[in-house]
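The values are calculated or read from the model by the stated rules, or taken from the named source; none is laboratory data. Please read these numbers as outputs of a predicted model, since none were measured by experiment. Here the Cβ is made from the backbone with ideal geometry for all residues, glycine too, and neighbour counts use every protein chain on show.
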Amino acid sequence: MKKNTIIATVGTSLLGGLNRNGIDWNLPIEQIVKKIQELENNTNICAEISSIHSMIHENILVEKENLYLLASDTVEGEKIKLILKSYFASLFRNVHVFTIEHLNGQNAKQFTEEGLRNLVKIIVYIVKTVPNREEDCVINATGGYKAQISFAGLIGQVLKIPVYYQFEGFSSVVQLPTMPVVFDYQLWLKHFKLFKELYDLGIASTKLLPSNIKLKELDGLVEETNGQLRLSSTGLLLHEVLWNRYKDENFRVDSDDTSVHIR
């Protein structure tokens, strides 16, 4: 199947690459890109550039239509995504950049509860905008935080999108093996109304929770903080995948309080 779209997580390996090659980080973006392009082996300057070139060279990406760069929410991440956007502008028809809000190392709790949720939202949004979705898309999870890389891999598997990674010291990327990822389908059906409301509203008060819903049953999918409920990053991914699958396959889901019927 021909792939034409790469969704790539972005880390900070470019900082080390610039330093090794004597390129001043404080230079304007255009000058940094020019100096990178003048290097004899510029494709090895950072993980993102190396892995994306590898995917092109190995014909994983047959048509260079879209490149989506997902950067961390840091000052360095902001500049790196713009450097990479400029670098890849001549290789791809379209280069899009996103900053994943709260995806940084300043606050571990916020990283988990906000950053990873936002990563799910952005990747799902991107996949929805690509005409043929999983037929066209591939995820390059080489760059970024280790937790971010792992979660991007999970997202790709659930969305049925191939995920590639380039190990340090290797010249080529490898496709990550498909792992058994199983969501409790019946649990989602049982609590469809709650999932849908939390997805649409973002948060809801625990006071509005029907007495027959036990939060312990939804552990890991629904989070409770200061009397407020919301979907966790995994819960958000679960609802996105199953709900879109219903819509794609022309099923109809009806909800009556907490019961869900398929017809």
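Observations on the structure shown:
- In segment 206-241, residue farthest from Ile123 (Cα to Cα) [restricted to those that are surrounded by 10 or more Cβ atoms within 10 Å (Cβ to Cβ) and hydroxyl-bearing (Ser, Thr, Tyr)]: Thr206
- The single condition among (1) assigned by TED's automatic domain parsing to the domain that holds Thr74; (2) part of a helix (DSSP H, G or I); (3) over 18 Å from Thr5 (Cβ atoms); (4) of a type outside the set (A, V, I, L, M) that Gly105 does not satisfy is (2).
- Flag if Lys109 is more than 16 Å from the chain's Cα centre (by Cα) and at pLDDT 95 or above: no
- Selection from segment 81-102 of residues that are over 14 Å from the mean Cα position of the chain (by Cα) and either among the polar types (S, T, N, Q) or outside any loop (DSSP other than H, G, I, E, B) (or both): Lys81, Leu82, Ile83, Leu84, Lys85, Ser86, Tyr87, Phe88, Ser90, Asn94, Val95
- Residue that is farthest from Glu223 (Cα to Cα) [pool: residues in segment 160-204 that are polar (S, T, N, Q) and surrounded by 10 or more Cβ atoms within 10 Å (Cβ to Cβ)]: Ser171
- Options Ile80, Ile45, Ile52, Ile123: the member that is free of Cβ contacts under 8 Å to residues at least 40 places away in the same chain and surrounded by 13 or more Cβ atoms within 10 Å (Cβ to Cβ): Ile45
- Positions within segment 114-142 being in a helix (DSSP H, G or I) and touching a Lys or Arg at 6+ places or on another chain (Cβ under 9 Å), in sequence order: Arg117, Val127, Arg133, Glu134, Glu135
- Top-ranked residue in segment 184-228 [being hydroxyl-bearing (Ser, Thr, Tyr) and assigned to a helix (DSSP H, G or I); ranked as modelled with the lowest pLDDT]: Tyr185
- Residue identified as within 12 Å of Val10 (Cα to Cα) and of a type in the set (A, V, I, L, M, F, W, C) among Val97, Val75, Val62: Val97
- In this structure, Ser150 does satisfy being of a type outside the set (Phe, Trp, Tyr) and modelled with pLDDT under 85.
- Test: Ala147 is of a type in the set (A, V, I, L, M, F, W, C), over 23 Å from Leu242 (Cβ atoms) and surrounded by fewer than 19 Cβ atoms within 10 Å (Cβ to Cβ): yes
- For segment 17-31, the criterion of being among the small types (Gly, Ala, Ser) and outside any helix (DSSP H, G or I) is met by at least one residue.
- Test: residue in segment 44-53 that is farther than 22 Å from Lys128 by Cα, polar (S, T, N, Q), modelled with pLDDT under 95 and part of a helix (DSSP H, G or I): yes
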